[in-house]
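The values are calculated or read from the model by the stated rules, or taken from the named source; none is laboratory data. Model, not experiment: these values are computed from the prediction. Note that we place each Cβ from the backbone using ideal geometry, even for glycine, and neighbour counts take in every protein chain shown. Just so you know, the surface numbers come from the protein's heavy atoms only, side chains and all, with ligands and any DNA or RNA stripped out. Shrake-Rupley method; radii C 1.70, N 1.55, O 1.52, S 1.80 Å.
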Amino acid sequence: MQLTHLQRLEAESIHVMREVMAEAERPVMLYSIGKDSSVMLHLALKAFHPSPPPFPLLHVDTGWKFREMIAFRDRRAKALGLNLIVHQNSEGLAKGIGPISHGSEVHTDVMKTQALKQALDAHRFDAAFGGARRDEEKSRAKERVFSFRNEHHRWDPKNQRPEMWRLYNGRVRPGESIRVFPLSNWTELDIWLYIRKESIPIVPLYFAAMRPVVEREGQLIMVDDDRLPLRPGEAPRQRRVRFRTLGCYPLTGAIESDAKDLDGIIREMLLARTSEREGRLIDHDATASMEKKKQEGYF
Amino acid sequence: MRETAAMPVPQAGSAAPTEMAPHLRQQTTHTVLRFLTCGSVDDGKSTLIGRLLYDAKLLFEDQLAALNADSKIHGTQAGDIDFALLVDGLAAEREQGITIDVAYRHFTTDRRKFMVADAPGHEQYTRNMATGASNCELAVILVDARKGVLTQTKRHSYIASLFGIRHFVLAVNKMDLVEYRQAVFTEIEAAYRSFAKQLGVLSITALPISALKGDNVTQVSAAMPWHQGPSLLRHLEEVEVREAADDGPFRLPVQWVNRPNPDFRGFSGTVASGTVRPGEEVVALPSGRTSQVRRIHTFDGDLPTAGPGQAVTLTLADEIDVSRGDVLCASTQPSPTSDQLEAHLLWMIDDDLIPGRQYRLKCATRTVNCVVTELKYAVNINTLEHRAAKKLELNGVGVANLALSERIAFEPFAQNPTLGGFILIDRRSNATAGVGVFDFSLHRADNLVWQTLTVDKDHRAAIKHQRPCVVWLTGLPGSGKSTIANLLESRLHNLHRHTYTLDGDNVRHGLTKDLGFTETDRVENVRRIGETAKLMVDAGLIVIVAFISPYRSDRRMVRRLLDEGEFIEAFVDTPLAVCEDRDPKGLYKKARAGEVPNFTGIDAEYQPPEQPELTLDTVAMSAEQCTQKVLEHLQAAGVLALT
């Protein structure tokens, strides 16, 4: 009996989650509402069945997520009866930090990275699940499944703990923590195939629909609410688009697509000629930008 | 390949989500091969991976654009595409042009999915290479055709095989630079095979390639018609890499006890080897408790069977105490347990490994304390030569004896990687300090499954490798009982048997010092010694009693206190005249002078045994010969047998 690719990925992710549960004192699952988080949450339901996932979900809300994402988040948490912690950086909020007024770099740092650290510190979480995959980006390709962070949440890429077989070392001293990536070995295609196989609910923004967008620097930006100031001569146009990844709406580019269901998305994936993070403006800020952000505590 | 996959043009609204097109179905039924590439910087390892991805048209446009830009800044190919930049993901790696840590890349063909672990080749990053190797099933070892098998080739092959890789591809690269000559290739192949014999490698496939030009990478090369073989990619698509352990007996290390409510107690874990079905008997190790599997639970419903790699939750028929770290095994073939093991170690932190220092050892889901008791030798990872060593430094490999704080279920790594591989964790920093593989246990009796019954006489005796009994030496005063008792205990002690001697004279100083020599007191005296001997037998000891014990009824009483076969009556048969003649303590003389009343043999009766197990004639035999006779009897009676 040889497991298929997806069966093996599923079993390995469940193994990782159980290992964290058994060894960490205060684990938490970072829930970003996207497709990877949806898969991760589904795997958690499987890993601990018939128990519910024995940890809370944490959503770091930058205040600029698509409205559909927030609605989906609240619906899912309620339907599954999960403990959902929503954290916002109140200082940043008070200062009015946003992607439009301050640019993507400052916004991401204050409202995402700093906010995440605040939440992890406040709850003294010693292990945090994240949905990152190694196929997303070059520095992520180098990261361990159990990624050690010092008391300042910093990652030291040149001095990672060796990770042998499926023997994970989750031991930390007070203040230190482990970021755990159960989806490390999954690819974007695996995620979609698994969502289809398991009928996992996802935010409808992933499916093509007529949406109001403007075109900026070659990116299609959806006008999700009236906070997006329109530039002179700019007018939202209804176009059939969908999103490959979901983040803050002013920073997330849509693609034109007819993929209105999972088969359509998978077909598009198989024919795709660009990687999914192309739609993420923050990765293009500088070479090795993700590595730098990760060192500073970004997920 | 993704592009060449036969793919029907999607028609609007035609695909209902429940019917999967064949190419999608294929995507979900693929198996995966995880392979490692190793070689030094100049061997073209990263170039090979880049070439595989590029030729297989698996690079995205934005990745290709970024690669073109990077190649102009950091590239080593004079502005041409430098594939190495594709996999060296860390800033420091691109700046220094070296691979520091293992990187993972994915690609898919029509036949299989692949995960490539690109491992660093420098000796200082050996621990990162070990990380990559431990999660792969196959290693592609790159050799530069101009240089042949180098020390790093050997080092990479050794580390890869040490941590579990059994399938190797020897990719002789840069064949274009040696005019594609067959002789160069065959010479390197022969040298490598000769070296690899000592690694216990399962299979080696040698291929002549040029990663830069693309020969034999995805397409069979026209430049090397002398090579009858598949391209590298075709070989990777077709190679069989089943784990031998998969077919072994059932093993499931318990990760987590699942208790949603008082009625459900499940044991969650990943099957390490073998299969299990409801109704089958399992034993929890190291405790030794047994039960039957009741159900195999998953989120998607119960399973009729679970096999290697599956993450499941088992419930058992009985409420036995099982917790994280225990290993559930097929009760017919339990794994051994041990707390003293020999292992191969790779050291992975700057602080040296020094025997005597304590670490945490994690094997499967169990963590115990561990001390390296002896470093037997270090292995030169470049030459595989052994040398004496007092410590292991960063990236050093050695063979050591380990003492664990508790017995654990284990198996030699070659038999079962899950129960044979372990990490050592620094107790202060929590760093992963070392990795190791168990070779074998240093105990003899590891296959014993420890039952959880209350510890009884048999258990106590079993760990002493003996059957407890009482050797009851009876005879007249001065007959030689104490002499034989002392010799006998000394001989048994030398045989590592656990003994105790109760000598009449010594006992009278404590246990029976309130007793005199009247008949009543003599009976009580024997009773107390009999009861004491019985407690010692219960403790698992071989008890030697040297005691006149003149009355048959008293000796019979003691015989009845003990179990069948435990009372060995040895009559020290020395005639009164001889005893009186020897008179070692001058007591006969005093008794004859009337100074000692009730002296056995003079004015008190001695009743010789009627059917003693042994009669020791001290006139015909020396004390040593008598002792030998007792030993032979004990041997024959199974008292000394190993259990």
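Here are the numbers:
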read-out: Residues of segment B:208-226 satisfying the condition of being over 14 Å from B:Gly50 (Cα atoms) and open to solvent by 30 Å² or more (accessible area, probe 1.4 Å); value: B:Gln219, B:Val220, B:Ala222, B:Ala223, B:Pro225, B:Trp226
read-out: Any hit, segment B:202-222, residues being assigned to a helix (DSSP H, G or I) and under 20 Å from B:Ala130 (Cα atoms); value: no
read-out: Residue match in segment B:119-135 (condition: part of a loop (DSSP other than H, G, I, E, B), out of contact with any strand residue (DSSP E or B) (no Cβ under 8 Å at 6 or more places or on another chain), touching a residue at least 40 places away in the same chain (Cβ under 8 Å) and within 14 Å of chain A (Cβ to nearest Cβ)); value: yes
read-out: Count of residues meeting criterion [of a type in the set (S, T, N, Q) and either within 43 Å of the chain's Cα centre (by Cα) or open to solvent by 40 Å² or more (accessible area, probe 1.4 Å) (or both)] in segment B:540-587; value: 1
read-out: Residues being surrounded by fewer than 24 Cβ atoms within 10 Å (Cβ to Cβ) and either under 20 Å from the mean Cα position of the chain (by Cα) or touching a residue at least 12 places away in the same chain (Cβ under 8 Å) (or both) - total across segment B:237-252; value: 11
read-out: Options B:Lys629, B:Lys590; residue that is touching a residue at least 12 places away in the same chain (Cβ under 8 Å) and either over 43 Å from the mean Cα position of the chain (by Cα) or open to solvent by 20 Å² or more (accessible area, probe 1.4 Å) (or both); value: B:Lys629
read-out: Qualifying residue in segment B:334-348 (condition: over 13 Å from the mean Cα position of the chain (by Cα), surrounded by fewer than 23 Cβ atoms within 10 Å (Cβ to Cβ) and at negative phi); value: no
read-out: Filter result (within 18 Å of B:Glu281 (Cβ to Cβ) and open to solvent by 40 Å² or more (accessible area, probe 1.4 Å)) within segment B:291-302; value: B:Gln292, B:Arg294, B:Arg295
read-out: Strands (runs of 3 or more DSSP E) within segment B:351-409 that include 3 or more residues open to solvent by 10 Å² or more (accessible area, probe 1.4 Å); value: B:366-379, B:397-409
read-out: Single residue of segment B:459-488 satisfying the filter (within 25 Å of B:Arg552 (Cα to Cα) and within 37 Å of the chain's Cα centre (by Cα)) that is surrounded by the most Cβ atoms within 10 Å (Cβ to Cβ); value: B:Pro468
read-out: Output for segment A:205-220, where each listed residue is exposed (fewer than 13 other Cβ atoms within 10 Å of the Cβ) and of a type outside the set (D, E, K, R); value: A:Met210, A:Gly218
read-out: Selected residue (criterion: farthest from A:Ser51 (Cα to Cα)) from residues of segment B:260-290 that are among the hydrophobic types (A, V, I, L, M, F, W, C) and open to solvent by 10 Å² or more (accessible area, probe 1.4 Å); value: B:Ala272
read-out: Exclusive hit being modelled with pLDDT of 90 or more and among the β-branched types (Val, Ile, Thr), set B:Thr600, B:Thr574, B:Thr643; value: B:Thr574
read-out: Among (1) surrounded by fewer than 19 Cβ atoms within 10 Å (Cβ to Cβ); (2) within 13 Å of another protein chain (Cβ to nearest Cβ); (3) assigned to a loop (DSSP other than H, G, I, E, B), the one test that A:Leu183 misses; value: (1)
read-out: Some residue of segment B:424-434 being open to solvent by 10 Å² or more (accessible area, probe 1.4 Å) and not in a loop (DSSP other than H, G, I, E, B); value: no
read-out: Boolean, B:Leu424 is touching a strand residue (DSSP E or B) at 6+ places or on another chain (Cβ under 8 Å) and within 17 Å of B:Leu285 (Cβ to Cβ); value: no
read-out: 2 or more residues touching a residue at least 24 places away in the same chain (Cβ under 8 Å) and open to solvent by less than 50 Å² (accessible area, probe 1.4 Å): qualifying helices (runs of 4 or more DSSP H) within segment A:30-122; value: A:35-48, A:67-80, A:99-107
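Rundown of residues vs (1) in the same structural domain as B:Ala604 (by TED's automatic domain parsing); (2) without any contact (Cβ under 8 Å) to a residue 12 or more places away in the chain, yes/no style:
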{"site": "B:Ala400", "(1), (2)": "no, no"}
{"site": "B:Ala403", "(1), (2)": "no, no"}
{"site": "B:Asn430", "(1), (2)": "no, yes"}
{"site": "B:Lys464", "(1), (2)": "yes, no"}
{"site": "B:Val471", "(1), (2)": "yes, no"}
{"site": "B:Gly475", "(1), (2)": "yes, no"}
{"site": "B:His493", "(1), (2)": "yes, yes"}
